[in-house]
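The values are calculated or read from the model by the stated rules, or taken from the named source; none is laboratory data. From a predicted model like this one, the values you see are computed outputs, not experimental measurements. Here Cβ is always computed from backbone atoms with ideal geometry, including for glycine, and neighbour counts include all displayed protein chains. Keep in mind that these areas ignore ligands, DNA and RNA; they rest on the heavy atoms of the full protein, side chains included. Shrake-Rupley method; radii C 1.70, N 1.55, O 1.52, S 1.80 Å.
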Amino acid sequence: MSTPNRETPRPAAGRAGIKKELPDRFKDHRHVWVFIELERGQVHPVSVELLGEGRKLADKLGVQLAGVVLGPPEEATRNAVAEAFAYGADMVYLVEAPLLADYRNEPFAKAMTDLVDTHKPEILLLGATTLGRDLAGSVATTLHTGLTADCTELDVDTDGSLAATRPTFGGSLLCTIYTLNCRPQMATVRPRVMPMPQRAERPVGRVIEHKLWLAEDEIVTKVLGFLPDSQSAKANLAYADVVVAGGLGLGGAENLQLVKNLARAIGAEHGCSRPLVQKGWMPADRQIGQTGKTIRPKLYIAAGISGAIQHRVGVEGADLIVAINTDPNAPIFDFAHLGIVTDAIRFLPALTEAFTRRLSPHSRDKLAS
């Protein structure tokens, strides 16, 4: 069942009445697992963010936090194991095999489901990346368990259940979802939704190795080569320190140049809200919000954006949100740290000019420090 609010999840009255006794075969499931995603040999930042969140869940449940590393037998895989411990894991489950050198659904899903069947985790968390979403869906289907996708909050309920919160109904509501009678409880979380934990040098702890029982000729998909996405380096919204974005309040596509000018003046990334992508005014890789990029900048300037829930969940991790809107009752003013009620079309050029006068080229990098 679900609760459409932002408060700490509590068991709903109706849920208590329908919850059945957890089947005996699931009662020995323990511990919180985080899948450590490797992207061309590097640990994906979302996995680190999930280790921080997994640490909180494990501590509340009084269980251990484990990282799951799947990769080829090489140094990068072992480095991923060390990184898992550096960010708080108590143990790591490791599957090393040449078949795991490149992501393919069959060997990765086989490795993960075999691990779950053997070691029985209570909670399994994955990043909501292209890889993580594909793997999570296959694993949940194979294990006949529930999967809550694109979560914005994770917590543990009073009875020990995972409370996974995500937007629903087109981003107009937030609901908290429980997997009542299946294990593991699975969830995916988008990059930058959770804060990055502190890294601490720790010795490598207990590593439990598991063999992948699969041969190459059993895998339908073959990797012929790797071609990097030519667009991948153009937008770096998720990890930018300063972001300027525009919405429908700008009135027309031509006024997005005002957003770009300000972003250029202060050394920021530029983005937009979902309606602008739907209108074709800006490419999808610039969209900010639940169905676009989730960001956690030190400074976020939103010009002409109303601030619906769909957008809010993508930006509320920012240290400082400055909202510019002509409507004093716009929802964005409910969560912005600083609100300016004015016409963004007139205000943005003045702000850009002021920053240009005050900031030398090398001082712009210090804006977010």
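Full extension of the chain between K60 and L173 gives 38.0 nm of extra length, using 0.36 nm per residue less the Cα-Cα distance.
Relative contact order, whole percent, for the chain stands at 15, derived from Cα pairs under 8 Å and 6 or more residues apart. Looking at the chain, the accessible area is 46 square angstrom per residue; that uses a 1.4 Å probe and ignores ligands, DNA and RNA.
Extension gain for the segment T130 to L248, taken as residue separation times 0.36 nm less the Cα-Cα distance, is 39.6 nm to one decimal.
The L180 and R40 beta-carbon pair, evaluated with R₀ = 41 Å, returns a calculated FRET efficiency of approximately 0.60. Among the protein heavy atoms of the stretch 220-323, carbon and sulfur supply 53% of the accessible surface, probe 1.4 Å, non-protein parts ignored. Here the spin labels are modelled as points 7 Å beyond Cα on the Cα-Cβ line, and at E21 and H337 they lie 5.2 nm apart. Of the residues E353, E269, E49, the one that moves most in a GNM of the chain with alpha-carbon contacts below 10 Å is E353. Counting only protein heavy atoms and using a 1.4 Å probe, the accessible area of D217 comes to about 140 Å². Each principal axis of the Cα atoms in the chain has its own extent, and those three values, largest first, are 64, 52, 40 angstrom.
Amide hydrogen proximity for I208: with H placed 1.01 Å from N in the peptide plane, the residues at 5 or more positions away or on another chain lying under 5 Å are V92, Y93, L94. Taking amide H positions as modeled 1.01 Å from N, with prolines and chain starts lacking one, the residues under 5 Å from K293 and 5 or more places away or on another chain are Q287, I288.
For the stretch 131-241, a/c is less than 1.5, where a ≥ b ≥ c are the root eigenvalues of the C-alpha gyration tensor. That puts it in the rounded class.
Roughly speaking, to the nearest percent, how much of the stretch 73-146's 1.4 Å accessible area is carbon and sulfur? On the stretch 73-146, the fraction of accessible area on carbon and sulfur atoms equals 47 percent. Hull volume per residue, based on the alpha-carbon atoms of the stretch 114-195 and their convex hull, is 112 Å³.
Calculated over the stretch 261-368, the projected area of the Cα convex hull averaged across directions stands at 6.5 nm².
The gain in end-to-end length when the T142 to A76 segment is fully stretched comes to 20.9 nm, 0.36 nm per residue minus the alpha carbon separation.
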